[in-house]
Amino acid sequence: DAKTTQPNSMESNEEEPVHLPCNHSTISGTDYIHWYRQLPSQGPEYVIHGLTSNVNNRMASLAIAEDRKSSTLILHRATLRDAAVYYCILAYGGTSYGKLTFGQGTILTVHP
Amino acid sequence: NAGVTQTPKFQVLKTGQSMTLQCAQDMNHEYMSWYRQDPGMGLRLIHYSVGAGITDQGEVPNGYNVSRSTTEDFPLRLLSAAPSQTSVYFCASSYSVLGNNYGYTFGSGTRLTVV
(Lines give C-alpha, C1' and ligand atoms only; values in the text may rest on other atoms or scores of the structure.)
Protein backbone atom coordinates (compact mmCIF):
# COMPACT_ATOMS: atom_id res chain seq x y z
CA ASP A 1 0.00 0.00 0.00
CA ALA A 2 1.25 3.46 -0.84
CA LYS A 3 2.37 5.43 2.21
CA THR A 4 2.85 9.07 3.08
CA THR A 5 5.61 10.81 5.05
CA GLN A 6 4.95 13.94 7.10
CA PRO A 7 6.98 15.89 9.66
CA ASN A 8 6.06 14.97 13.20
CA SER A 9 5.33 18.54 14.23
CA MET A 10 5.25 22.12 13.00
CA GLU A 11 4.68 25.47 14.62
CA SER A 12 3.15 28.66 13.36
CA ASN A 13 2.07 32.06 14.60
CA GLU A 14 -1.51 33.17 14.46
CA GLU A 15 -2.58 34.91 11.23
CA GLU A 16 0.48 33.67 9.35
CA PRO A 17 0.34 31.17 6.48
CA VAL A 18 1.20 27.56 7.18
CA HIS A 19 2.59 25.10 4.65
CA LEU A 20 2.27 21.45 5.70
CA PRO A 21 4.31 19.13 3.46
CA CYS A 22 3.64 15.51 2.56
CA ASN A 23 5.71 13.06 0.54
CA HIS A 24 4.05 10.15 -1.26
CA SER A 25 6.65 8.87 -3.70
CA THR A 26 4.87 5.52 -4.31
CA ILE A 27 1.55 7.07 -5.27
CA SER A 28 -0.31 5.30 -8.07
CA GLY A 29 -2.27 6.90 -10.87
CA THR A 30 -5.68 6.35 -9.28
CA ASP A 31 -4.78 7.48 -5.74
CA TYR A 32 -6.46 10.60 -4.44
CA ILE A 33 -4.54 12.82 -2.01
CA HIS A 34 -6.67 13.60 1.04
CA TRP A 35 -6.04 15.82 4.03
CA TYR A 36 -7.88 15.51 7.32
CA ARG A 37 -7.36 17.11 10.68
CA GLN A 38 -8.21 15.90 14.14
CA LEU A 39 -8.74 18.01 17.22
CA PRO A 40 -8.34 16.39 20.65
CA SER A 41 -11.15 13.98 21.55
CA GLN A 42 -12.85 14.45 18.18
CA GLY A 43 -13.19 12.47 14.99
CA PRO A 44 -11.12 13.43 11.94
CA GLU A 45 -12.48 16.32 9.89
CA TYR A 46 -12.17 16.44 6.11
CA VAL A 47 -10.07 19.39 4.92
CA ILE A 48 -9.43 18.99 1.21
CA HIS A 49 -8.54 16.44 -1.46
CA GLY A 50 -7.28 16.32 -5.02
CA LEU A 51 -6.07 14.04 -7.77
CA THR A 52 -3.76 15.99 -10.07
CA SER A 53 -4.58 19.69 -10.06
CA ASN A 54 -4.24 22.20 -7.26
CA VAL A 55 -7.44 22.65 -5.26
CA ASN A 56 -8.90 25.46 -3.18
CA ASN A 57 -11.79 25.50 -0.76
CA ARG A 58 -12.96 27.66 2.13
CA MET A 59 -10.66 25.90 4.58
CA ALA A 60 -7.38 25.53 2.71
CA SER A 61 -5.49 25.06 -0.55
CA LEU A 62 -3.82 21.91 -1.78
CA ALA A 63 -0.76 22.19 -3.99
CA ILE A 64 0.15 18.95 -5.80
CA ALA A 65 3.55 18.49 -7.41
CA GLU A 66 3.58 17.86 -11.12
CA ASP A 67 4.88 14.31 -10.63
CA ARG A 68 2.35 13.83 -7.76
CA LYS A 69 5.05 12.51 -5.46
CA SER A 70 4.50 15.29 -2.96
CA SER A 71 1.85 17.76 -1.92
CA THR A 72 1.46 20.73 0.42
CA LEU A 73 -1.54 21.76 2.46
CA ILE A 74 -1.70 25.54 2.76
CA LEU A 75 -3.60 27.28 5.53
CA HIS A 76 -3.63 30.89 4.41
CA ARG A 77 -4.05 32.51 7.82
CA ALA A 78 -3.63 30.21 10.79
CA THR A 79 -5.92 30.66 13.77
CA LEU A 80 -5.78 29.07 17.20
CA ARG A 81 -8.64 26.80 16.11
CA ASP A 82 -6.36 25.32 13.41
CA ALA A 83 -4.16 23.68 16.05
CA ALA A 84 -4.68 19.97 15.40
CA VAL A 85 -3.09 16.82 14.02
CA TYR A 86 -3.08 16.97 10.23
CA TYR A 87 -3.12 13.73 8.26
CA CYS A 88 -2.08 13.39 4.64
CA ILE A 89 -3.62 10.24 3.20
CA LEU A 90 -3.71 8.42 -0.10
CA ALA A 91 -7.20 7.16 -0.88
CA TYR A 92 -7.38 4.33 -3.34
CA GLY A 93 -9.53 5.24 -6.27
CA GLY A 94 -11.85 3.18 -8.36
CA THR A 95 -13.62 0.21 -6.86
CA SER A 96 -11.30 0.10 -3.85
CA TYR A 97 -12.28 3.56 -2.65
CA GLY A 98 -12.95 3.18 1.03
CA LYS A 99 -9.49 2.42 2.28
CA LEU A 100 -7.87 5.38 3.95
CA THR A 101 -4.45 4.55 5.35
CA PHE A 102 -3.58 7.01 8.13
CA GLY A 103 0.00 7.72 9.14
CA GLN A 104 1.15 9.51 12.29
CA GLY A 105 0.26 12.94 10.99
CA THR A 106 1.75 16.37 11.75
CA ILE A 107 0.97 18.06 15.03
CA LEU A 108 0.41 21.74 14.26
CA THR A 109 0.88 24.19 17.11
CA VAL A 110 -0.36 27.74 16.57
CA HIS A 111 1.05 30.47 18.82
CA PRO A 112 -0.97 33.60 19.63
CA ASN B 1 -28.77 15.88 7.86
CA ALA B 2 -27.40 14.28 11.01
CA GLY B 3 -24.25 13.10 9.17
CA VAL B 4 -22.58 9.99 10.62
CA THR B 5 -24.09 8.86 13.93
CA GLN B 6 -22.27 6.43 16.18
CA THR B 7 -23.75 4.74 19.23
CA PRO B 8 -22.94 4.28 22.01
CA LYS B 9 -20.44 7.05 22.77
CA PHE B 10 -18.90 5.13 25.67
CA GLN B 11 -18.91 1.42 26.55
CA VAL B 12 -17.22 -0.80 29.10
CA LEU B 13 -17.12 -4.53 28.40
CA LYS B 14 -15.80 -7.50 30.27
CA THR B 15 -13.36 -9.80 28.55
CA GLY B 16 -15.24 -12.35 26.46
CA GLN B 17 -18.41 -10.32 26.05
CA SER B 18 -19.74 -9.47 22.62
CA MET B 19 -21.33 -6.27 21.42
CA THR B 20 -22.22 -4.27 18.35
CA LEU B 21 -21.11 -0.73 17.66
CA GLN B 22 -23.70 1.05 15.58
CA CYS B 23 -23.01 3.42 12.69
CA ALA B 24 -25.67 5.13 10.61
CA GLN B 25 -25.47 7.83 7.95
CA ASP B 26 -28.30 9.73 6.30
CA MET B 27 -26.40 11.12 3.32
CA ASN B 28 -26.96 8.15 0.97
CA HIS B 29 -23.22 7.51 0.86
CA GLU B 30 -22.15 4.26 -0.73
CA TYR B 31 -18.74 4.01 0.98
CA MET B 32 -18.51 3.28 4.70
CA SER B 33 -15.63 2.18 6.89
CA TRP B 34 -14.58 1.47 10.47
CA TYR B 35 -11.32 2.58 12.11
CA ARG B 36 -9.78 2.20 15.51
CA GLN B 37 -7.46 4.70 17.15
CA ASP B 38 -5.21 3.71 20.00
CA PRO B 39 -3.70 6.38 22.29
CA GLY B 40 -1.15 8.57 20.50
CA MET B 41 -1.62 6.69 17.23
CA GLY B 42 -3.17 7.33 13.87
CA LEU B 43 -6.33 5.57 12.75
CA ARG B 44 -6.19 1.99 11.47
CA LEU B 45 -8.75 0.55 9.09
CA ILE B 46 -10.74 -2.44 10.39
CA HIS B 47 -13.34 -3.13 7.68
CA TYR B 48 -14.86 -1.16 4.86
CA SER B 49 -17.77 -1.37 2.42
CA VAL B 50 -18.24 0.00 -1.08
CA GLY B 51 -21.99 -0.57 -1.11
CA ALA B 52 -24.84 -2.54 0.42
CA GLY B 53 -23.98 -6.24 0.54
CA ILE B 54 -20.26 -5.66 -0.12
CA THR B 55 -17.62 -5.61 2.60
CA ASP B 56 -13.88 -6.17 2.77
CA GLN B 57 -11.15 -6.38 5.37
CA GLY B 58 -8.82 -3.59 6.26
CA GLU B 59 -5.52 -3.56 8.13
CA VAL B 60 -6.72 -4.98 11.49
CA PRO B 61 -9.87 -7.10 10.93
CA ASN B 62 -9.26 -9.91 13.43
CA GLY B 63 -11.87 -10.09 16.19
CA TYR B 64 -14.39 -7.96 14.29
CA ASN B 65 -17.28 -8.72 11.93
CA VAL B 66 -19.29 -6.39 9.74
CA SER B 67 -22.27 -6.59 7.45
CA ARG B 68 -23.95 -4.02 5.22
CA SER B 69 -27.58 -4.92 4.61
CA THR B 70 -28.65 -1.32 3.91
CA THR B 71 -26.94 1.77 2.52
CA GLU B 72 -27.51 3.64 5.78
CA ASP B 73 -26.15 1.23 8.39
CA PHE B 74 -22.77 -0.40 8.92
CA PRO B 75 -22.57 -2.11 12.33
CA LEU B 76 -19.30 -3.41 13.76
CA ARG B 77 -19.51 -6.56 15.88
CA LEU B 78 -16.96 -7.54 18.49
CA LEU B 79 -17.18 -11.30 18.76
CA SER B 80 -15.37 -11.89 22.06
CA ALA B 81 -13.95 -8.72 23.54
CA ALA B 82 -10.30 -8.64 24.59
CA PRO B 83 -8.34 -5.93 26.46
CA SER B 84 -6.36 -5.33 23.25
CA GLN B 85 -9.56 -4.02 21.69
CA THR B 86 -9.68 -1.12 24.11
CA SER B 87 -9.66 1.84 21.74
CA VAL B 88 -11.67 4.64 20.20
CA TYR B 89 -13.65 3.50 17.18
CA PHE B 90 -14.60 5.78 14.32
CA CYS B 91 -17.04 5.19 11.51
CA ALA B 92 -16.81 7.16 8.26
CA SER B 93 -18.75 7.48 5.02
CA SER B 94 -18.19 8.95 1.58
CA TYR B 95 -19.50 8.97 -1.98
CA SER B 96 -18.51 9.37 -5.58
CA VAL B 97 -20.17 11.09 -8.50
CA LEU B 98 -19.42 10.20 -12.11
CA GLY B 99 -16.17 8.54 -11.05
CA ASN B 100 -15.03 11.45 -8.88
CA ASN B 101 -14.43 10.46 -5.26
CA TYR B 102 -15.20 12.85 -2.42
CA GLY B 103 -14.00 13.35 1.13
CA TYR B 104 -15.01 11.23 4.11
CA THR B 105 -17.30 12.32 6.91
CA PHE B 106 -16.41 10.84 10.28
CA GLY B 107 -18.58 10.14 13.29
CA SER B 108 -17.70 11.40 16.75
CA GLY B 109 -16.45 8.01 17.89
CA THR B 110 -17.17 5.27 20.42
CA ARG B 111 -14.76 4.97 23.32
CA LEU B 112 -14.55 1.27 24.27
CA THR B 113 -12.84 -0.12 27.33
CA VAL B 114 -12.45 -3.87 27.82
CA VAL B 115 -11.61 -4.97 31.35
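In the list B:CYS23, B:CYS91, which residue meets the criterion of being within 11 Å of chain A (Cβ to nearest Cβ), within 15 Å of the chain's Cα centre (by Cα) and assigned to a strand (DSSP E or B)? The unique qualifying residue is B:CYS91. Among the residues of region B:69-85, is there at least one that is aliphatic (A, V, I, L, M), within 13 Å of chain A (Cβ to nearest Cβ) and part of a strand (DSSP E or B)? No, there is no match, as no residue in region B:69-85 is aliphatic (A, V, I, L, M), within 13 Å of chain A (Cβ to nearest Cβ) and part of a strand (DSSP E or B). Taken over region B:61-104, the criterion of being open to solvent by 30 Å² or more (accessible area, probe 1.4 Å) and of a type in the set (Val, Ile, Thr) is satisfied by B:THR70, B:THR71, B:THR86, B:VAL97. Could you please find all residues in region A:40-55 being in contact (Cβ under 8 Å) with a residue 12 or more places away in the chain, of a type outside the set (Phe, Trp, Tyr) and open to solvent by less than 70 Å² (accessible area, probe 1.4 Å)? Answer for region A:40-55, where residues must be in contact (Cβ under 8 Å) with a residue 12 or more places away in the chain, of a type outside the set (Phe, Trp, Tyr) and open to solvent by less than 70 Å² (accessible area, probe 1.4 Å): A:PRO44, A:VAL47, A:ILE48, A:HIS49, A:GLY50, A:LEU51. Only residues that are at the interface with chain A (Cβ under 10 Å from one of its Cβ atoms) and either touching a strand residue (DSSP E or B) at 6+ places or on another chain (Cβ under 6 Å) or open to solvent by 20 Å² or more (accessible area, probe 1.4 Å) (or both) were counted across region B:33-51, and they come to 12.
For region A:27-39, indicate whether the set of residues that are more than 14 Å from the chain's Cα centre (by Cα) and free of Cβ contacts under 8 Å to residues at least 24 places away in the same chain is non-empty. Checked region A:27-39: at least one residue is more than 14 Å from the chain's Cα centre (by Cα) and free of Cβ contacts under 8 Å to residues at least 24 places away in the same chain. A:ARG37 satisfies every condition listed in (1) surrounded by fewer than 16 Cβ atoms within 10 Å (Cβ to Cβ); (2) among the basic types (Lys, Arg); (3) part of a strand (DSSP E or B) except (1). Considering region B:105-115, the residues that are surrounded by 20 or more Cβ atoms within 10 Å (Cβ to Cβ) and of a type outside the set (Val, Ile, Thr) include one that is farthest from the other protein chains (Cβ to nearest Cβ), namely B:LEU112. Scanning region A:43-63 for residues that are closer than 21 Å to A:LEU108 by Cα, part of a loop (DSSP other than H, G, I, E, B) and touching a strand residue (DSSP E or B) at 6+ places or on another chain (Cβ under 7 Å) yields A:GLY43, A:PRO44, A:ASN57, A:MET59, A:ALA60. Of the residues contained in region B:43-52, none is found to be basic (Lys, Arg) and not in a strand (DSSP E or B).
The values are calculated or read from the model by the stated rules, or taken from the named source; none is laboratory data. Because the structure is predicted, anything quoted here is derived from the model rather than measured. FYI the Cβ positions are ideal-geometry reconstructions off the backbone, even for glycines, and counts take in every protein chain you see. These accessible areas exclude ligands, DNA and RNA; they are computed on the full protein's heavy atoms, side chains included. Shrake-Rupley method; radii C 1.70, N 1.55, O 1.52, S 1.80 Å.
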